[in-house]
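The values are calculated or read from the model by the stated rules, or taken from the named source; none is laboratory data. Keep in mind it's a predicted model, so treat the numbers as computed, not measured. Neighbour counts are summed over all protein chains in view; Cβ atoms, including those assigned to glycine, are modelled from backbone coordinates with ideal geometry.
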Amino acid sequence: MELSQYLEVFIEESKEHLQACNDQLLLLEKNPEDLGIVNEIFRSAHTLKGMSATMGYEDLANLTHKMENVLDGIRNGIISVTSEVLDVVFLAMDDLEIMVESIAGGGDGKHDVSKVMDQLHKIEKGESIEVNKAAQEVAASVAVEAPDLRLTYDDFEQTVIQQSKEQGFDCFEVTVALREDCLLKAARVFMVFEVLEKCGEVIKSNPTVEMLEEENFDTHFTVTLITKEPSNDIQQKAMKVSEVENVSVISVNLQERTVKNSVETIENAESKKSTSSSATANKKSAENSNAAGHVSHSNKTIRVNIERLDVLMNLFEELVIDRGRLEQISRDLNNPELHETVERMSRISGDLQNIILNMRMVPVETVFNRFPKMVRQLARDLNKKINLEIIGAETELDRTVIDEIGDPLVHLIRNALDHGVETPDIRLKNGKSEDGTITLKAYHSGNHVFIEISDDGAGINREKVLQKAISKGIVHEHEADSLSDKQVYELILSSGFSTADKISDISGRGVGLDVVKSTIESLGGSITIDSVEGSGSVFIIQLPLTLSIISVMLVEVGKEKFAIPLSSIIETAIIKNTDILTAHNQKVIDFRGKVVPLVFLKDVFEVPETIDESGFTSVIIVRKAEKMAALVVDSFIGQQEIVLKSLGNYLLNVFAISGATILGNGQVALIVDCNALIK
């Protein structure tokens, strides 16, 4: 069998099962007596083992099998759930993740797992094997008994069966038993259905098709088949499917299967609907976090490769450019019919734009999911007691942003763990509880997503930061007293800045935060810091919902056109030239009681100057965190949605320009990076 075609599905489903195991293991540590959690972990591990064995990844399958033995011991009461046991299981999970990543990167998935295998074996060996075997034998004897999967039929189904029999068809219930050690049960079900559908028409199944697809059943399932083929032929054909242990075919007698009453019918339907909805919801949640992207419709979800969505987005971007061109032509010609058609096309393309952007949106939980396990391990390494609270994991971001935001968040959380939250003895001494809390929160606000990382630790020491900044030459001593608290806190985002008394492998607060800042700003976002010494700190990251299509204010400087992102703009204004003042050799204006410096775009971008004798100046007030500036332009053109295009490899690091766009008249407008202009 050619397995390469299944590789992508294997990788994505493996990641889903590994994430499910990690989540459930963390839950198990808090609820060690809950066997339901153990069963969930066991099911994911068992599925992963089967998939790995089928694909030929022996190290992956062997380690999962050994981990499965330990889980089996836990659920049978032979092994106790302790932090030490879970430490070893988490180590096994780390190795499994390494192997899956190796496969995803084109490797063979081989990895030295001997050490963790020995540790798992010692855990298993230290308990009574005889009791474990007895428990397994009891479980096996129960599992061999086939459940009662006889079906009941509603009025419509009975009519279909009755009319089929009148036309010479037979109606059979085909019950299929898969082997206990069956790998990829859903695949076997599909193969059985394929065989049966060649014999006739399948009108019902128990469990439902959705539950069968999700492997939400043990080893038996039943389907109702309308056919003209003999029962013996059907049985023989179904038995030819690999890993099918037994097939029974019985004729349906409607008199024996009449539904007792309408109440029972409703209860059964509601029960099945609830089960199916729950299973489908779980599947959708898992598929939302897969690296291939997703497209949802009603309760159905399909996987779509992210590269296809990128192609679709690129095509739509071209459509947006043409839409702008058509709108320009419509205005120039002033033809009512053309104008009406273009308006309709704009509305439809706007709806299409929303759909495409939503298709690219991924919940931030795909990033957040990695942190509970990381926090647990680092807290143990640092001998600290730390709880991680995650709020708003369902908040969605563009896939491009999601891919880039992971590392900055890891760095901020590691710093909060290492130098934010104190050790238990210090917390008790300061009148706090032993357990520290780190909160990771995401939420929408306007066209932005905000991510907050807060802790209830020691906070940031203003004087310590200032002294370090002065010694590093980041600020002058005479400037120190005039800086606000927020300005002082943001000094830790400077390159090479650190307040750590000693450097640990976790990293001190401030080390590398300049990289965090530059990464976030490269995404069109910003980071601000607030802190109360002794009470904790909060880092607030602001990110755009999407990077490809943005709303801008088009302006004119000389004969050139520039686009300024609306996300940076506070206000536009026209001021008298007599209101322009000079302070410290810098031209400024008084904006609502604040002194705001003027930035002349014609000077920044060396645009040939035009003569203006109106006595007025057009300005756009922009903001970066607490700082503001007034960008001086010649005139405002208006608000527009534009497609952000890169300047390419030959124009890297152009000062204060983040990209370009093509306007409706075919002209190119440069997109201004307001963050770079605000000092």
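Does the range 223-231 contain at least one residue that is among the acidic types (Asp, Glu), modelled with pLDDT of 85 or more and either crowded, with 18+ Cβ neighbours inside 10 Å or over 24 Å from Gly50 (Cα atoms) (or both)? Don't jump to the end; show me each part of the working.
Restricting attention to the range 223-231, the residues satisfying the condition of being among the acidic types (Asp, Glu) are 229.
From the residues that got through so far, the ones that are modelled with pLDDT of 85 or more too are 229.
Subsequent filtering for residues that are either crowded, with 18+ Cβ neighbours inside 10 Å or over 24 Å from Gly50 (Cα atoms) (or both) retains 229.
Looking through the range 223-231, at least one residue is among the acidic types (Asp, Glu), modelled with pLDDT of 85 or more and either crowded, with 18+ Cβ neighbours inside 10 Å or over 24 Å from Gly50 (Cα atoms) (or both).
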(message) Quick check on my filter: what residues within the range 336-360 are touching a strand residue (DSSP E or B) at 6+ places or on another chain (Cβ under 9 Å) and without any contact (Cβ under 8 Å) to a residue 40 or more places away in the chain?
(response) Gly350, Asn358
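Are any residues in the range 319-345 among the aliphatic types (A, V, I, L, M), closer than 21 Å to Val668 by Cβ and touching a helix residue (DSSP H, G or I) at 6+ places or on another chain (Cβ under 9 Å), and if so, which ones?
Leu319, Val320, Leu326, Ile329
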(message) Here are the criteria: (1) outside any strand (DSSP E or B); (2) of a type in the set (Val, Ile, Thr); (3) in contact (Cβ under 8 Å) with a residue 40 or more places away in the chain. Tell me which single one Ile611 does not satisfy.
(response) (3)
(message) Whether any residue in the range 418-425 is over 20 Å from the mean Cα position of the chain (by Cα) and free of Cβ contacts under 8 Å to residues at least 12 places away in the same chain is what I want to check.
(response) yes
(message) If I ask for residues that are among the small types (Gly, Ala, Ser), closer than 11 Å to Leu225 by Cα and out of contact with any helix residue (DSSP H, G or I) (no Cβ under 8 Å at 6 or more places or on another chain), which ones from the range 165-207 would you list?
(response) Gly200
(request) Among the numbered conditions (1) at pLDDT 75 or above; (2) surrounded by 13 or more Cβ atoms within 10 Å (Cβ to Cβ); (3) out of contact with any Phe, Trp or Tyr (no Cβ under 7 Å at 6 or more places or on another chain), tell me where Val252 comes up short. (result) (3)
(message) For the condition in a loop (DSSP other than H, G, I, E, B), under 35 Å from the mean Cα position of the chain (by Cα) and of a type in the set (S, T, N, Q), what is the one hit in Asn665, Asn675, Asn653?
(response) Asn653
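Is it true that some residue in the range 40-50 is of a type in the set (D, E, K, R) and touching a residue at least 40 places away in the same chain (Cβ under 8 Å)?
Step one: filter the range 40-50 for residues of a type in the set (D, E, K, R), giving 40, 43, 49.
Restricting the remaining residues to those that are touching a residue at least 40 places away in the same chain (Cβ under 8 Å) gives none.
Within the range 40-50 (the criterion being of a type in the set (D, E, K, R) and touching a residue at least 40 places away in the same chain (Cβ under 8 Å)), the answer is no, since none of the residues qualifies.
Which count do you get for residues in the range 51-60 that are surrounded by fewer than 20 Cβ atoms within 10 Å (Cβ to Cβ) and assigned to a helix (DSSP H, G or I)? Reasoning before the result, please.
Here is the first cut: in the range 51-60, the residues surrounded by fewer than 20 Cβ atoms within 10 Å (Cβ to Cβ) are 53-54, 56, 58.
Next, from what is left, pick out any that are assigned to a helix (DSSP H, G or I): 53-54, 58.
Looking only at that region, the number is 3.
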(request) Starting from the range 463-478, keep only residues that are closer than 17 Å to Leu493 by Cβ, then list their pairs with residues that are surrounded by fewer than 17 Cβ atoms within 10 Å (Cβ to Cβ) and at pLDDT 85 or above whose Cβ atoms are within a distance under 8 Å, requiring at least 6 positions of separation or different chains. (result) none
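Have a look at Ile642, Ile611 and point out the one that is in the same structural domain as Pro565 (by TED's automatic domain parsing), among the hydrophobic types (A, V, I, L, M, F, W, C) and out of contact with any strand residue (DSSP E or B) (no Cβ under 6 Å at 6 or more places or on another chain).
Working: Ile642 fails: out of contact with any strand residue (DSSP E or B) (no Cβ under 6 Å at 6 or more places or on another chain).
The unique qualifying residue is Ile611.
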(message) Given (1) in contact with a strand residue (DSSP E or B) (Cβ under 8 Å, 6 or more places away or on another chain); (2) surrounded by fewer than 18 Cβ atoms within 10 Å (Cβ to Cβ); (3) assigned to a helix (DSSP H, G or I), identify the lone condition not met by Ile203.
(response) (3)
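Please determine, by comparing only the residues of the range 94-115 that are of a type in the set (A, V, I, L, M) and buried (at least 19 other Cβ atoms within 10 Å of the Cβ), which one is farthest from the chain's Cα centre (by Cα).
Filtering the range 94-115 down to residues of a type in the set (A, V, I, L, M) leaves 96, 98-100, 103-104, 113.
Right, trim to buried (at least 19 other Cβ atoms within 10 Å of the Cβ) and you get 96, 99-100, 103, 113.
Details: Leu96: 21, Met99: 21, Val100: 18, Ile103: 21, Val113: 29 Å.
Among those residues, the one meeting the criterion is Val113.
So that you can scan it fast, the table gives a plain yes or no per residue for (1) modelled with pLDDT of 85 or more; (2) under 18 Å from the mean Cα position of the chain (by Cα); (3) not assigned by TED's automatic domain parsing to the domain that holds Glu12:
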{"residue": "Glu343", "(1), (2), (3)": "yes, no, yes"}
{"residue": "Ile348", "(1), (2), (3)": "yes, no, yes"}
{"residue": "Asn354", "(1), (2), (3)": "no, no, yes"}
{"residue": "Phe371", "(1), (2), (3)": "yes, yes, yes"}
{"residue": "Met374", "(1), (2), (3)": "yes, yes, yes"}
{"residue": "Leu378", "(1), (2), (3)": "yes, no, yes"}
(message) Just to be sure before I move on: is Val475 β-branched (Val, Ile, Thr) and closer than 30 Å to Val304 by Cα in the structure I sent?
(response) no
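Being of a type outside the set (Lys, Arg), touching a Phe, Trp or Tyr at 6+ places or on another chain (Cβ under 8 Å) and either surrounded by fewer than 19 Cβ atoms within 10 Å (Cβ to Cβ) or in a loop (DSSP other than H, G, I, E, B) (or both) is the requirement here; does Ile570 meet it? Spell out how you get there, then give the answer.
Details: of a type outside the set (Lys, Arg): yes; touching a Phe, Trp or Tyr at 6+ places or on another chain (Cβ under 8 Å): no; either surrounded by fewer than 19 Cβ atoms within 10 Å (Cβ to Cβ) or in a loop (DSSP other than H, G, I, E, B) (or both): yes.
So Ile570 does not fit the description; no.
Does Leu412 satisfy being modelled with pLDDT of 90 or more, closer than 30 Å to Ile657 by Cβ and among the aliphatic types (A, V, I, L, M)? Give the steps one after another, and end with the answer.
Numbers: modelled with pLDDT of 90 or more: yes; closer than 30 Å to Ile657 by Cβ: yes; among the aliphatic types (A, V, I, L, M): yes.
Yes; evaluated as a whole, the condition is true for this residue.
Could you say whether any residue in the range 77-91 is assigned to a helix (DSSP H, G or I), within 16 Å of Leu184 (Cα to Cα), modelled with pLDDT under 90 and out of contact with any Ser or Thr (no Cβ under 9 Å at 6 or more places or on another chain)? Give the steps one after another, and end with the answer.
As a first pass, look at the range 77-91 and keep what is assigned to a helix (DSSP H, G or I): 83-91.
Restricting the remaining residues to those that are within 16 Å of Leu184 (Cα to Cα) gives none.
Taking every residue of the range 77-91 in turn, none turns out to be assigned to a helix (DSSP H, G or I), within 16 Å of Leu184 (Cα to Cα), modelled with pLDDT under 90 and out of contact with any Ser or Thr (no Cβ under 9 Å at 6 or more places or on another chain).
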